[in-house]
1. Among A:V12, A:G42, A:W110, whose Cα lies farthest out toward the positive end of the dipole of chain A, if unit charges sit on the beta carbon of Lys, Arg (+1) and Asp, Glu (-1)?
2. Nearest 100 Å², what total accessible surface is buried between chain A and chain B (probe 1.4 Å)?
3. Determine the shielding of peptide A:10-17 by partner chains: average, over its residues, the number of Cβ atoms on other chains within 10 angstrom of each Cβ.
4. Spit out the partnerless Cys residues in the protein assembly as shown, using Cβ distances under 4.7 Å as the pairing rule.
5. How large is the charge dipole for chain B, taken about the Cα centre, if only the Cβ atoms of Lys, Arg (+1) and Asp, Glu (-1) carry charge, to the nearest 20 debye?
6. Any chance you could check the Cα centroid distance between segment A:1-43 and segment B:1-67 for me, in angstrom?
7. Can you work out the accessible area per residue across the protein assembly as shown, with the rest of the protein chains kept in place, probe 1.4 Å, in square angstrom?
8. Would you work out what percent of the accessible area of chain B, with all protein chains in place, is carbon or sulfur (probe 1.4 Å)?
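The values are calculated or read from the model by the stated rules, or taken from the named source; none is laboratory data. Fair warning: this is a prediction, and the values are worked out from it, not measured in the lab. FYI the Cβ positions are ideal-geometry reconstructions off the backbone, even for glycines, and counts take in every protein chain you see. Note: areas computed on protein heavy atoms with side chains; ligands, DNA, RNA excluded. Shrake-Rupley method; radii C 1.70, N 1.55, O 1.52, S 1.80 Å.
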Amino acid sequence: EVQLLESGGGLVQPGGSLRLSCAASGFTFSNCAMSWVRQAPGKGLEWVSSINRNGGNTDYPDSVKGRFIISRDNSKNTLYLEMNSLRAEDTATYYCAKEVVAWVGCMDVWGQGTTVTVSS
Amino acid sequence: DIQLTQSPSFLSASVGDRVTITCRASQGISSYLAWYQQKAGKAPKFLIYAASTLQSGVPSRFSGSGSGTEFTLTISSLQPEDFATYYCQQLNSYPITFGQGTRLEIK
(Lines give C-alpha, C1' and ligand atoms only; values in the text may rest on other atoms or scores of the structure.)
Protein backbone atom coordinates (compact mmCIF):
# COMPACT_ATOMS: atom_id res chain seq x y z
CA GLU A 1 0.00 0.00 0.00
CA VAL A 2 1.30 3.44 -0.92
CA GLN A 3 1.66 5.53 2.23
CA LEU A 4 3.00 8.88 3.34
CA LEU A 5 3.37 9.63 7.03
CA GLU A 6 4.21 13.14 8.19
CA SER A 7 5.71 14.02 11.54
CA GLY A 8 7.41 16.90 13.29
CA GLY A 9 4.58 19.35 13.70
CA GLY A 10 3.92 21.20 16.92
CA LEU A 11 3.77 24.54 18.67
CA VAL A 12 6.58 26.98 17.94
CA GLN A 13 7.11 30.63 18.79
CA PRO A 14 7.22 33.30 16.09
CA GLY A 15 10.71 33.46 14.64
CA GLY A 16 11.38 29.85 15.56
CA SER A 17 12.20 26.84 13.43
CA LEU A 18 10.75 23.41 12.86
CA ARG A 19 11.59 20.45 10.63
CA LEU A 20 8.87 18.28 9.18
CA SER A 21 9.47 14.77 7.91
CA CYS A 22 7.46 12.58 5.58
CA ALA A 23 8.18 8.84 5.51
CA ALA A 24 7.21 7.15 2.27
CA SER A 25 6.43 3.50 1.68
CA GLY A 26 4.81 1.26 -0.91
CA PHE A 27 6.36 2.88 -3.98
CA THR A 28 9.76 3.69 -5.45
CA PHE A 29 10.40 6.97 -3.68
CA SER A 30 13.41 7.91 -5.78
CA ASN A 31 11.29 7.82 -8.96
CA CYS A 32 8.85 10.48 -7.81
CA ALA A 33 8.89 14.22 -7.40
CA MET A 34 7.39 15.29 -4.08
CA SER A 35 5.60 18.32 -2.71
CA TRP A 36 4.42 19.99 0.47
CA VAL A 37 1.00 21.64 0.58
CA ARG A 38 -0.49 23.44 3.57
CA GLN A 39 -3.94 24.39 4.71
CA ALA A 40 -4.54 27.10 7.29
CA PRO A 41 -7.48 26.49 9.64
CA GLY A 42 -10.73 26.90 7.72
CA LYS A 43 -8.91 27.94 4.55
CA GLY A 44 -8.01 26.46 1.18
CA LEU A 45 -4.96 24.61 -0.09
CA GLU A 46 -1.64 26.41 -0.62
CA TRP A 47 1.33 24.85 -2.38
CA VAL A 48 4.49 25.25 -0.29
CA SER A 49 7.30 23.51 -2.11
CA SER A 50 8.29 20.84 -4.62
CA ILE A 51 11.43 18.82 -5.22
CA ASN A 52 12.40 16.67 -8.16
CA ARG A 53 13.40 13.05 -8.00
CA ASN A 54 17.09 13.48 -7.19
CA GLY A 55 16.72 16.62 -5.11
CA GLY A 56 18.57 18.78 -7.56
CA ASN A 57 15.67 21.09 -8.35
CA THR A 58 13.35 22.79 -5.87
CA ASP A 59 10.60 25.40 -6.11
CA TYR A 60 8.81 27.64 -3.63
CA PRO A 61 6.14 30.33 -3.69
CA ASP A 62 7.19 33.81 -2.62
CA SER A 63 5.36 33.38 0.69
CA VAL A 64 8.00 30.91 1.96
CA LYS A 65 10.98 31.47 -0.33
CA GLY A 66 14.13 32.13 1.68
CA ARG A 67 12.57 30.73 4.88
CA PHE A 68 11.65 27.13 3.99
CA ILE A 69 13.90 24.45 2.56
CA ILE A 70 12.67 21.22 1.02
CA SER A 71 15.00 18.24 0.82
CA ARG A 72 14.90 14.49 0.51
CA ASP A 73 16.92 11.43 1.42
CA ASN A 74 16.22 8.74 -1.14
CA SER A 75 18.19 6.18 0.87
CA LYS A 76 15.73 6.67 3.73
CA ASN A 77 12.60 7.20 1.60
CA THR A 78 12.02 10.43 3.47
CA LEU A 79 11.04 13.96 2.50
CA TYR A 80 11.78 16.96 4.71
CA LEU A 81 10.67 20.54 5.11
CA GLU A 82 12.86 22.81 7.18
CA MET A 83 10.92 25.87 8.24
CA ASN A 84 12.71 28.92 9.61
CA SER A 85 11.67 32.41 10.71
CA LEU A 86 8.18 31.11 11.30
CA ARG A 87 5.27 33.53 11.34
CA ALA A 88 1.73 33.31 12.66
CA GLU A 89 0.49 32.99 9.08
CA ASP A 90 2.47 29.75 8.70
CA THR A 91 0.04 28.09 11.11
CA ALA A 92 -1.53 25.26 9.12
CA THR A 93 -1.80 21.56 8.55
CA TYR A 94 1.10 20.54 6.33
CA TYR A 95 0.62 17.69 3.89
CA CYS A 96 3.30 15.90 1.93
CA ALA A 97 2.24 14.57 -1.43
CA LYS A 98 3.64 12.31 -4.11
CA GLU A 99 3.55 13.67 -7.63
CA VAL A 100 2.35 11.70 -10.62
CA VAL A 101 5.40 10.61 -12.59
CA ALA A 102 4.14 11.84 -15.95
CA TRP A 103 2.35 14.95 -14.69
CA VAL A 104 4.59 17.19 -12.64
CA GLY A 105 2.60 18.98 -9.99
CA CYS A 106 -0.29 16.51 -9.92
CA MET A 107 -0.44 15.00 -6.45
CA ASP A 108 -1.94 11.52 -6.44
CA VAL A 109 -1.09 10.39 -2.91
CA TRP A 110 -1.27 12.53 0.22
CA GLY A 111 -0.27 12.00 3.82
CA GLN A 112 -2.64 12.58 6.70
CA GLY A 113 -1.00 15.90 7.57
CA THR A 114 0.89 17.33 10.52
CA THR A 115 -0.20 20.48 12.33
CA VAL A 116 2.09 23.46 12.86
CA THR A 117 1.02 26.22 15.20
CA VAL A 118 3.06 29.41 15.38
CA SER A 119 2.15 31.34 18.49
CA SER A 120 3.72 32.93 21.52
CA ASP B 1 1.12 34.07 -10.70
CA ILE B 2 -1.86 32.34 -12.27
CA GLN B 3 -5.06 32.90 -10.30
CA LEU B 4 -7.83 30.29 -10.30
CA THR B 5 -11.37 31.35 -9.50
CA GLN B 6 -13.96 28.70 -8.75
CA SER B 7 -17.69 29.23 -8.97
CA PRO B 8 -19.79 28.83 -7.08
CA SER B 9 -17.96 28.92 -3.76
CA PHE B 10 -20.88 27.15 -2.12
CA LEU B 11 -23.36 24.74 -3.66
CA SER B 12 -26.35 23.06 -2.07
CA ALA B 13 -27.72 20.02 -3.91
CA SER B 14 -29.62 16.79 -3.41
CA VAL B 15 -28.65 13.16 -3.89
CA GLY B 16 -29.17 12.30 -7.54
CA ASP B 17 -28.64 15.85 -8.80
CA ARG B 18 -26.23 16.74 -11.57
CA VAL B 19 -23.83 19.49 -10.51
CA THR B 20 -21.17 21.49 -12.29
CA ILE B 21 -18.31 23.46 -10.76
CA THR B 22 -16.41 25.98 -12.87
CA CYS B 23 -12.75 26.94 -12.56
CA ARG B 24 -11.44 29.97 -14.46
CA ALA B 25 -7.75 30.71 -14.88
CA SER B 26 -6.35 34.24 -15.09
CA GLN B 27 -4.37 33.22 -18.16
CA GLY B 28 -4.30 30.27 -20.50
CA ILE B 29 -3.06 27.02 -19.01
CA SER B 30 -3.79 24.63 -21.88
CA SER B 31 -5.02 21.43 -20.17
CA TYR B 32 -2.71 21.63 -17.17
CA LEU B 33 -5.47 21.41 -14.62
CA ALA B 34 -6.30 18.92 -11.87
CA TRP B 35 -9.24 18.48 -9.50
CA TYR B 36 -9.24 17.28 -5.89
CA GLN B 37 -11.93 16.36 -3.40
CA GLN B 38 -11.49 17.02 0.31
CA LYS B 39 -13.72 15.86 3.11
CA ALA B 40 -13.69 17.53 6.50
CA GLY B 41 -10.62 16.65 8.53
CA LYS B 42 -9.12 14.55 5.74
CA ALA B 43 -6.38 14.94 3.17
CA PRO B 44 -7.34 15.87 -0.38
CA LYS B 45 -8.10 13.08 -2.84
CA PHE B 46 -6.87 13.27 -6.43
CA LEU B 47 -9.74 13.03 -8.92
CA ILE B 48 -8.85 14.31 -12.38
CA TYR B 49 -5.72 15.44 -14.25
CA ALA B 50 -5.05 16.88 -17.69
CA ALA B 51 -8.42 18.61 -17.28
CA SER B 52 -10.43 15.53 -18.23
CA THR B 53 -8.56 12.32 -17.38
CA LEU B 54 -10.09 10.42 -14.49
CA GLN B 55 -7.65 9.06 -11.94
CA SER B 56 -7.81 5.29 -11.52
CA GLY B 57 -10.52 4.25 -9.09
CA VAL B 58 -12.53 7.46 -9.33
CA PRO B 59 -16.21 6.77 -10.14
CA SER B 60 -17.31 7.50 -13.68
CA ARG B 61 -19.99 9.91 -12.47
CA PHE B 62 -17.14 12.42 -12.17
CA SER B 63 -15.98 14.13 -15.34
CA GLY B 64 -13.87 17.11 -16.26
CA SER B 65 -13.65 19.29 -19.33
CA GLY B 66 -12.16 22.48 -20.65
CA SER B 67 -8.91 23.98 -21.84
CA GLY B 68 -7.28 27.36 -21.92
CA THR B 69 -8.93 29.43 -19.20
CA GLU B 70 -12.25 27.75 -18.46
CA PHE B 71 -12.75 24.32 -16.94
CA THR B 72 -15.59 22.36 -15.39
CA LEU B 73 -15.98 19.47 -12.99
CA THR B 74 -19.30 17.66 -13.33
CA ILE B 75 -20.83 15.06 -11.07
CA SER B 76 -23.59 13.38 -13.05
CA SER B 77 -25.63 11.95 -10.17
CA LEU B 78 -24.64 13.01 -6.66
CA GLN B 79 -24.09 10.31 -4.12
CA PRO B 80 -24.00 10.86 -0.34
CA GLU B 81 -20.23 10.38 -0.28
CA ASP B 82 -19.71 13.20 -2.80
CA PHE B 83 -20.57 15.97 -0.37
CA ALA B 84 -17.21 17.61 0.19
CA THR B 85 -15.08 20.56 -0.89
CA TYR B 86 -13.59 20.53 -4.38
CA TYR B 87 -10.44 22.32 -5.52
CA CYS B 88 -8.97 22.93 -8.94
CA GLN B 89 -5.20 23.23 -9.35
CA GLN B 90 -3.10 24.57 -12.20
CA LEU B 91 0.12 22.87 -13.21
CA ASN B 92 1.01 25.08 -16.16
CA SER B 93 3.65 27.08 -14.35
CA TYR B 94 5.15 27.71 -10.94
CA PRO B 95 3.99 28.75 -8.48
CA ILE B 96 1.43 25.96 -8.50
CA THR B 97 -1.89 27.45 -7.45
CA PHE B 98 -5.26 26.17 -6.27
CA GLY B 99 -8.71 27.60 -6.59
CA GLN B 100 -10.37 28.81 -3.42
CA GLY B 101 -12.59 25.74 -3.24
CA THR B 102 -16.25 24.89 -3.79
CA ARG B 103 -18.10 23.49 -0.82
CA LEU B 104 -20.83 21.05 -1.87
CA GLU B 105 -23.47 20.45 0.78
CA ILE B 106 -26.62 18.40 1.05
CA LYS B 107 -29.84 20.33 0.46
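1. A:V12
2. Values: alone 6200 and 5530 Å², together 10110 Å².
The contact between B and A buries close to 1600 Å².
3. On the way: counts 0, 0, 0, 0, 0, 0, 0, 0.
If you average over the peptide's residues, the count of other-chain Cβ atoms is 0.
4. For the protein assembly as shown, the answer is A:C32, A:C106, because their Cβ atoms have no other cysteine Cβ under 4.7 Å.
5. Numbers: 8 positive and 6 negative charges, 34 e Å.
Taking the Cα centre of chain B as origin, the dipole is about 160 debye.
6. For segment A:1-43 versus segment B:1-67, the Cα centre distance is 24 Å.
7. Details: 10110 Å² over 227 residues.
Per residue, the protein assembly as shown has an accessible area of 45 Å².
8. Numbers: 2110 of 4710 Å².
That share works out to 45 percent.
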